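Any read-out appearing in this document is the output of simple, stated calculations on the displayed coordinates, not a laboratory observation. Only a predicted model underlies this, so the values are computations on that prediction, with no experimental measurement involved. In this analysis, Cβ positions are derived from the backbone assuming ideal geometry, glycine residues included, and neighbour counts consider all displayed protein chains.
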Amino acid sequence: MDRFAKVGTKVELEDLEGGKLVEVGGQKIALFNLGGHYYAIENTCPHRGGPLAEGMVAGDEVICPWHGSRFNIKTGAVLSPPAREGVKSFAVRVTEHDVEVEIG
């Protein structure tokens, strides 16, 4: 059964620039705010383990800070090497006050 876990409040995350590392259900997740819409993907780059939450954001892409792989923030799809595969994306919902990430 899927469930959602709180990762912050809307007030805390409304001015989020770049990514933010959150830990939910034992998983490290990179959380992004793109124009008021929140997205969550695995934090670890599959190439060599770079922390995607620390990567530079360009539009709807995040660039791994270690070797430059690019990932789509909305889907987790890999967009450029050296990574050869994407990362998992997580559903995000916003309640009245909170931002929550779905964990399975």
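At-a-glance table
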item	result
In sequence order, calculated HN-Hα J values of segment 25-40 (Karplus, 6.51, -1.76, 1.60; Hz; x Gly/Pro)	x, x, 10, 8, 10, 9, 10, 10, 10, 10, x, x, 10, 9, 9, 9
Qualifying GluC sites (Glu not before Pro) in segment 1-76, DSSP loop, other Cβ atoms within 10 Å at most 14	Glu14, Glu17
Unit charges at the beta carbon, dipole of the chain: most positive-side option, Ala83, Met56, Ala40	Ala83
Amide H partners (placed H, <5 Å) of Ile73, local residues excluded	Glu61, Val62
Helical mean residue ellipticity (222 nm; -39500 (n - 2.57) per DSSP H run of 4+; nearest 500) of the chain	-500 deg cm²/dmol
C-alpha center-to-center spacing [segment 56-90, segment 1-33] in angstrom	17 Å
Rg over Rh, two decimals, the chain (C-alpha only, Kirkwood Rh)	0.95
Segment 18-94, dipole about Cα centre (Lys/Arg Cβ +1, Asp/Glu Cβ -1), debye to the nearest 20	80 debye
